[in-house]
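Worksheet for the structure shown next.
The values are calculated or read from the model by the stated rules, or taken from the named source; none is laboratory data. Computed from a predicted model, the values in this text were never measured in an experiment. Every residue, glycine among them, receives a Cβ derived from its backbone with ideal geometry; neighbour counts consider all protein chains shown.
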């Protein structure tokens, strides 16, 4: 196993053009003058936790676990998802935005997947899809990780937690597992139809390592996040590039975002 190292970058950037930047990404040509705080790191869990904690601080010091908050942050780590929604493609798109007033507060986090590919929460490192994946992927917070089934694209929108009210956030970050190829994995941040920015996850630098990517737009609203995890979907018979395959297969785990607030 290679010796673990890590990359840490914290940038507050005022971009002057929409040209692509190898380190950070690019901003929307509709509004190139956008402030952004961008953090990324790669390595094992101990190596990246400092970066993750810095991003948590940017989002808000308090971790919110109930509705009716106006500041602080939310996190999703999937480990409380019940067995009937695990290791299958039946995960409800609005599982983490329960709107029943009598429903559990832990499911009122204001995060909703857009219709498209089903979401799969998996506790087997996706070995039930292909046995080779058991040695390929590691969850950051054990023992579940996530993919879009039959796709490498995921889209997320935000609601005021516990309601159907459309909302926005300032920042969103997540942890990927097993990013091997440069620029195979990236996140796009939108305000409505306007692309605020696109940022690439760093490649892993240890066997089975993690990649963290987070961006915060202090003067803008994020209403949708589009995640591209690797260069192809997980499927039976398809191997990762590190295992002789022709695609970079990537899964993801923990989400971090500030408290969703109503759109004005």
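Scanning region 42-51 for residues that are crowded, with 20+ Cβ neighbours inside 10 Å and at pLDDT 95 or above yields one hit, 51. Residues that are outside any loop (DSSP other than H, G, I, E, B) and farther than 20 Å from residue 56 by Cβ were ranked within region 157-188; the one that is farthest from the chain's Cα centre (by Cα) is 166. Considering every residue within region 136-156, establish whether at least one is farther than 20 Å from residue 211 by Cα, within 17 Å of the chain's Cα centre (by Cα) and in a strand (DSSP E or B). Among the residues of region 136-156, not one is farther than 20 Å from residue 211 by Cα, within 17 Å of the chain's Cα centre (by Cα) and in a strand (DSSP E or B), which makes the answer no. Only one entry of 132, 125 meets the criterion of being touching a helix residue (DSSP H, G or I) at 6+ places or on another chain (Cβ under 8 Å), closer than 16 Å to residue 254 by Cα and at pLDDT below 95, and that entry is 125. Residue 78 meets each of the listed conditions (1) in a loop (DSSP other than H, G, I, E, B); (2) modelled with pLDDT of 95 or more; (3) surrounded by 22 or more Cβ atoms within 10 Å (Cβ to Cβ) apart from (2). Of all residues in region 218-254, those satisfying the criterion of being crowded, with 22+ Cβ neighbours inside 10 Å and under 16 Å from the mean Cα position of the chain (by Cα) are 222, 225, 227, 229, 230, 249, 250, 251, 252, 253.
Once region 23-41 is narrowed to residues that are closer than 26 Å to residue 53 by Cβ and part of a loop (DSSP other than H, G, I, E, B), the residue that is modelled with the highest pLDDT is 34. With respect to residue 153, is the statement that it is farther than 19 Å from residue 261 by Cα, surrounded by 20 or more Cβ atoms within 10 Å (Cβ to Cβ), modelled with pLDDT of 95 or more and out of contact with any helix residue (DSSP H, G or I) (no Cβ under 6 Å at 6 or more places or on another chain) true? Considered against the rule, which asks whether it is farther than 19 Å from residue 261 by Cα, surrounded by 20 or more Cβ atoms within 10 Å (Cβ to Cβ), modelled with pLDDT of 95 or more and out of contact with any helix residue (DSSP H, G or I) (no Cβ under 6 Å at 6 or more places or on another chain), residue 153 comes out as no. Of everything listed in (1) on the phi < 0 side of the Ramachandran plot; (2) at pLDDT 95 or above, the single unmet condition for residue 192 is (1).
Residue count for region 84-113 satisfying the condition of being loosely packed, with under 13 Cβ neighbours inside 10 Å and either under 16 Å from the mean Cα position of the chain (by Cα) or assigned to a strand (DSSP E or B) (or both): 0.
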